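The values are calculated or read from the model by the stated rules, or taken from the named source; none is laboratory data. Just so it is clear, the structure is predicted and the values come from calculations on it, not from any experiment. All Cβ positions, glycine included, derive from the backbone under ideal geometry; neighbour counts span all protein chains shown.
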């Protein structure tokens, strides 16, 4: 299939998707907002203004709880992880368009809690991004396992290597994972600073309050962003979920009713976590399972469609229309 034919097919699928999926809302899931992609994010917002109806998650929650349905082609914007680049890059654009969004906050990150100044996966990203090596022999996680040899000869290779190593480390306890990151950084000949530089910095609570006054909805994303299946005790699970809610409410003096499961895949969310989310008093909880939200759906197991500001236009249009699987 030629590029032209493929683009025509995608455009047709987007039109069909907007019609077929119009009775449900698409929750778009963002993470990072680099300044070089601000213009592309603005174009995404312009497309949403022309083709979709952007709702807050609070509006969608109220509609679904009262037995209603979202308006046709509704979209909800959600942002995970609480990095400051959302405030500096995306928030001014959203405010210009009058679009609300839900921002999920791992509270220890914003509190710069000792030992948790970084989000754990950002430390891996930093180490691989700043190494001057062209390849690396990464020490094994398990004793006796062979080392992993990774190529680092391009930015994309470094990103892929970082993602691969972090994905393997995420299934271990926080202490083992952090110690492993230190070993990986040593192999990469990189010293990770105690405090993250601006590209990895968290929002401040003052910035969160500023955004809340302009229609942004802060939500919980646990205290330290663990993979919930790695948590060893019920008390720790309760702490991660309930304490993040209390901390947000303490800072904002307003209820925090939305939650995002870290990573959000089905095999990373134990049944006990969903029960803890309900006990804590959250009204919605989002996964990263692809799909939409509509009448009758479980509000503590909402599906989302992943996207980022750098997404090509046709890909973004597919995401907004929930055309999430096309060859």
Within segment 244-264, the residues that are within 24 Å of residue 31 (Cα to Cα) and either in a helix (DSSP H, G or I) or outside the structural domain of residue 81 (by TED's automatic domain parsing) (or both) are 244, 245, 246, 247, 248, 249, 251, 252
For residue 230, the lone unmet condition from (1) closer than 22 Å to residue 262 by Cα; (2) exposed (fewer than 15 other Cβ atoms within 10 Å of the Cβ) is (2)
Just one listed residue, out of 119, 148, 152, is surrounded by 14 or more Cβ atoms within 10 Å (Cβ to Cβ), in contact with a helix residue (DSSP H, G or I) (Cβ under 7 Å, 6 or more places away or on another chain) and more than 24 Å from residue 288 (Cβ to Cβ), and it is 152
Of the residues in segment 265-310, those that are touching a residue at least 60 places away in the same chain (Cβ under 8 Å), part of a loop (DSSP other than H, G, I, E, B) and under 30 Å from residue 36 (Cα atoms) number 8
Note on segment 174-192: residues touching a helix residue (DSSP H, G or I) at 6+ places or on another chain (Cβ under 9 Å) and assigned to a loop (DSSP other than H, G, I, E, B) are 188, 190, 191, 192
Exercise. Does residue 14 qualify as being at negative phi, touching a helix residue (DSSP H, G or I) at 6+ places or on another chain (Cβ under 8 Å) and at pLDDT below 80?
Worked result: yes
Per the filter on segment 112-168, residues within 18 Å of residue 83 (Cβ to Cβ), part of a helix (DSSP H, G or I) and under 19 Å from the mean Cα position of the chain (by Cα) are 120, 121, 122, 123, 124, 125, 126, 159, 162, 163, 166
